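*Asks:* Below you'll find the structure I mean.
The values are calculated or read from the model by the stated rules, or taken from the named source; none is laboratory data. A quick note: this is a predicted structure, and the numbers were derived from the prediction, not measured. We place every Cβ from the backbone using ideal geometry, glycine too, and count neighbours over all the protein chains shown.
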Amino acid sequence: MNNEKGFTLVEMLIVLAIISILILIAIPNVTKQSKVIDEKGCDAYVKMVQGQVEAYKLENKSYPADFNVLVTGGFLNEDPVCPNGSALTLADGKVTENID
């Protein structure tokens, strides 16, 4: 009888089952983290836009009236929107996220 080395069908099925279970555990955890990433990304973006507002104030000695002033002045490329899709507001030199 030949002594062939290799995996049996049962061993392959066990490995496939273990990999499937690991994938089923990992996917929900990854999707939960998406919301946290969007929130932290928005917080960082608000701070970056606030920095541009402060840079505008240093150059012009007053806060901008709205984001259009920052865009036309070259401080921002476009009206700011958070990664999660919420818009930002500018009031009295303070940038905040619109929470709907």
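*Asks:* Please specify each residue of region 90-100 satisfying the condition of being at pLDDT below 85 and surrounded by 11 or more Cβ atoms within 10 Å (Cβ to Cβ).
*Replies:* So the first thing to find is which residues in region 90-100 are at pLDDT below 85, and the list is 98-100.
None - no residue of region 90-100 is at pLDDT below 85 and surrounded by 11 or more Cβ atoms within 10 Å (Cβ to Cβ), so the list stays empty.
*Asks:* Can you spot a residue in region 74-89 that is modelled with pLDDT under 90, small (Gly, Ala, Ser), on the phi < 0 side of the Ramachandran plot and surrounded by 12 or more Cβ atoms within 10 Å (Cβ to Cβ)?
*Replies:* Taking every residue of region 74-89 in turn, at least one turns out to be modelled with pLDDT under 90, small (Gly, Ala, Ser), on the phi < 0 side of the Ramachandran plot and surrounded by 12 or more Cβ atoms within 10 Å (Cβ to Cβ).
*Asks:* Could I ask something else about it? (1) in a helix (DSSP H, G or I); (2) more than 28 Å from the chain's Cα centre (by Cα); (3) closer than 30 Å to LEU90 by Cβ: which one isn't true of SER62, the others all being true?
*Replies:* (1)
*Asks:* I need every pair where a residue in region 45-60 that is more than 14 Å from GLY73 (Cβ to Cβ) has its Cβ under 6 Å from the Cβ of a residue that is basic (Lys, Arg), sequence separation at least 6 or different chains.
*Replies:* none
*Asks:* Is region 1-17 home to any residue that is β-branched (Val, Ile, Thr), over 27 Å from THR89 (Cβ atoms) and surrounded by 10 or more Cβ atoms within 10 Å (Cβ to Cβ)?
*Replies:* Our first condition is that a residue be β-branched (Val, Ile, Thr); within region 1-17, this holds for 8, 10, 14-15.
With the extra rule that they be over 27 Å from THR89 (Cβ atoms), the set shrinks to 8, 10, 14-15.
Checking which are surrounded by 10 or more Cβ atoms within 10 Å (Cβ to Cβ) leaves us with 14-15.
Scanning region 1-17, I find at least one residue that is β-branched (Val, Ile, Thr), over 27 Å from THR89 (Cβ atoms) and surrounded by 10 or more Cβ atoms within 10 Å (Cβ to Cβ), so the answer is yes.
*Asks:* While we're looking at this one, here's another question. Can you tell me which residue in region 33-47 is nearest to ASP92 (Cα to Cα), limited to those that are of a type in the set (A, V, I, L, M) and surrounded by 10 or more Cβ atoms within 10 Å (Cβ to Cβ)? Full working, then the answer.
*Replies:* Within region 33-47, the subset of a type in the set (A, V, I, L, M) is 36-37, 44, 46.
Filter once more, keeping what is surrounded by 10 or more Cβ atoms within 10 Å (Cβ to Cβ): 37, 44, 46.
Details: ILE37: 28, ALA44: 20, VAL46: 15 Å.
Result: VAL46.
*Asks:* Which of (1) surrounded by fewer than 15 Cβ atoms within 10 Å (Cβ to Cβ); (2) polar (S, T, N, Q); (3) part of a helix (DSSP H, G or I) is the odd one out, the single condition GLN50 does not satisfy?
*Replies:* GLN50 satisfies every listed condition except (1).
*Asks:* Given the conditions (1) of a type in the set (A, V, I, L, M, F, W, C); (2) surrounded by 12 or more Cβ atoms within 10 Å (Cβ to Cβ); (3) at pLDDT below 85, and given that VAL30 satisfies all but one, which numbered condition is not satisfied?
*Replies:* Of everything listed in (1) of a type in the set (A, V, I, L, M, F, W, C); (2) surrounded by 12 or more Cβ atoms within 10 Å (Cβ to Cβ); (3) at pLDDT below 85, VAL30 misses just condition (2).
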